[in-house]
Structures are given as C-alpha cells and as structure tokens.
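Written below as structure tokens is the structure these notes are about.
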Amino acid sequence: MFRGRSVHALDVKGRIRIPARFREVLTTRYEDRCIITNLDRCLIAYPLSEWEIIEQKLGELSLVRQDVKAFQRFFISGATECNFDKQGRILIPQTLREHASLERDVVLAGMLKSFEVWSKPLWDEEINRARDDFAEITTTLAELGI
C-alpha cells in the first residue's frame with residue numbers, strides 16, 4: 001500500500017523522482033510501471049493492474065449518461081503509462097503538468113492503492129481545508145464504520 005507523503009523537485013524535463021518506498025510497493029506487489037492521469041486539482045497514479053480494474057468498471061457503465069462520458073473524457077483521456085528510468089523517475093507529460101499546476105516543488109501523497117501528485121501550494125491549500133473540516137470528516141468516517 002502507498003502511505004506517507006514527500007516533497008520532490010520537478011526537473012526541467014518534467015520528471016519527478018518517485019520515493020523509494022513507493023517504488024518498492026510497485027516492484028514487489030505490482031510491476032515497474034504505472035498509469036498517471038487527471039484528478040480534480042492534482043494527478044493520480046495507479047499501478048497498471050489497479051488501473052485495469054478501474055478501466056473494466058468504467059467500461060461497464062452506460063455511455064448514454066452524459067456524466068459518465070464527461071468523466072471518461074476527463075479521466076481516461078489524460079491517462080498516460082509511465083515507466084521508471086534508472087534513477088527512479090517518471091516523466092509527467094506537459095498536459096498533465098499544466099492540469100495540476102506542477103512547477104518546481106511537488107508533493108507525492110500515498111493513497112493506499114494509488115498515489116497523488118500535487119503542486120506544493122495546492123497541496124498546502126488542500127491540507128488546510130481538510131484540517132478546517134476535520135471534525136465533519138471524522139463524523140462522516142464514523143458513520144461509515146471507520
């Protein structure tokens with residue numbers, strides 16, 4: 001499982017170093033590549049086998065629904081397969097960097113079966129928002145049995 005967070009620098013070519021603990025999860029539990037795509041104000045990366053489960057589920061949804069088509073246009077069309085180089089980096093395509101406002105400092109946040117890639121300023125906003133809403137969030141989680 002992907003846990004924890006770390007800050008890394010995006011290099012001039014658009015590459016980021018994936019933390020060793022995330023790479024270890026990928027290489028021991030999955031395989032050496034992932035799919036990265038758009039998500040809200042950040043990017044999300046899935047091991048290939050987890051991504052295939054999502055594709056299967058999305059493929060079973062009716063394309064008659066406009067919300068399903070809109071989601072697929074946004075989420076699926078941005079999906080890019082990423083392989084690690086010898087330094088443990090992945091290249092994030094320009095379109096995805098622009099979507100997530102990635103510039104220099106980037107936060108990688110473990111999300112159990114995936115990990116998110118945030119610009120540091122947007123991450124700070126998101127964490128502050130979560131901190132402000134924490135009582136409400138914990139109530140919701142308690143209702144879900146967590």
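FYI, it's all coordinate maths here, none of it is from the lab. Just so it is clear, the model here is predicted, and its values are computed rather than measured. As a convention, Cβ positions derive from the backbone with ideal geometry for all residues, glycine included, and neighbour counts pool all protein chains shown.
Of all lysines in the structure, the ones whose alpha carbon falls short of 19 Å from that of LYS113, not counting any fewer than 8 places away in one chain, are LYS57. Placing unit charges on the Cβ atoms only, positive for Lys and Arg and negative for Asp and Glu, gives the chain a dipole magnitude near 500 debye about its Cα centre. Once each of the trypsin sites (Lys or Arg not before Pro) sitting in a DSSP loop with at most 15 other beta-carbon atoms within 10 Å is removed, the chain keeps 105-146 as its longest stretch. Residues whose amide H comes within less than 5 Å of that of ILE18, counting only those at least five positions distant or on another chain, are ARG89, ILE90 (H built at 1.01 Å from N in the peptide plane).
Legend: calculated FRET efficiency, GLU24 to GLU81, from the Cβ-Cβ distance at R0 = 25 Å, rounded to 0.05, equals 0.80. Cα convex hull, the chain: 131 Å³ per residue, rounded to a whole number.
Pairwise Cα distances in the stretch 75-146 exceed 14 Å in 73 percent of cases. Were the residues from ASP11 through PHE71 laid out at 0.36 nm apart, the gain over their Cα-Cα distance would be 18.6 nm. Taking a Cβ cut-off of under 13 Å around LEU10, the surrounding Lys, Arg, Asp and Glu residues balance to a net charge of +3, with basic ones at +1 and acidic ones at -1. For PHE2, nonlocal amide neighbours, meaning residues 5 or more places apart or on other chains whose placed amide H falls under 5 Å from its own, are MET111, LEU112, LYS113, SER114. Build a GNM of the chain with springs between Cα atoms under 10 Å apart, and of VAL106, VAL117, VAL64 the one that fluctuates most is VAL64.
For the chain, the relative contact order comes to 35 percent (Cα pairs under 8 Å, sequence separation of at least 6). Counting only residues at least eight positions apart within a chain, or on another chain, the aspartates and glutamates with an alpha carbon under 19 Å from that of LYS120 are ASP11, ASP40, GLU98, GLU103, ASP105, ASP132. Since only MET111, LEU48, ALA79 are under comparison, the one whose Cα sits farthest along the positive direction of the charge dipole of the stretch 5-119, derived from C-beta charges on Lys, Arg, Asp and Glu, is MET111.
For GluC sites (Glu not before Pro), the sites in the stretch 1-78 that DSSP calls loop and that have at most 15 other Cβ atoms within 10 Å are GLU31, GLU60.
Annotation: amide H-H contacts under 5 Å for ARG33 (H modelled 1.01 Å from N, sequence separation of 5 or more, or interchain): LEU48.
Annotation note: GluC sites (Glu not before Pro) in the stretch 61-146 located in DSSP loop regions with a Cβ neighbour count of at most 16 within 10 Å are GLU103.
Among GLN72, GLN94, GLN56, the largest mean-square fluctuation in a Gaussian network model of the chain (Cα springs under 10 Å) belongs to GLN56.
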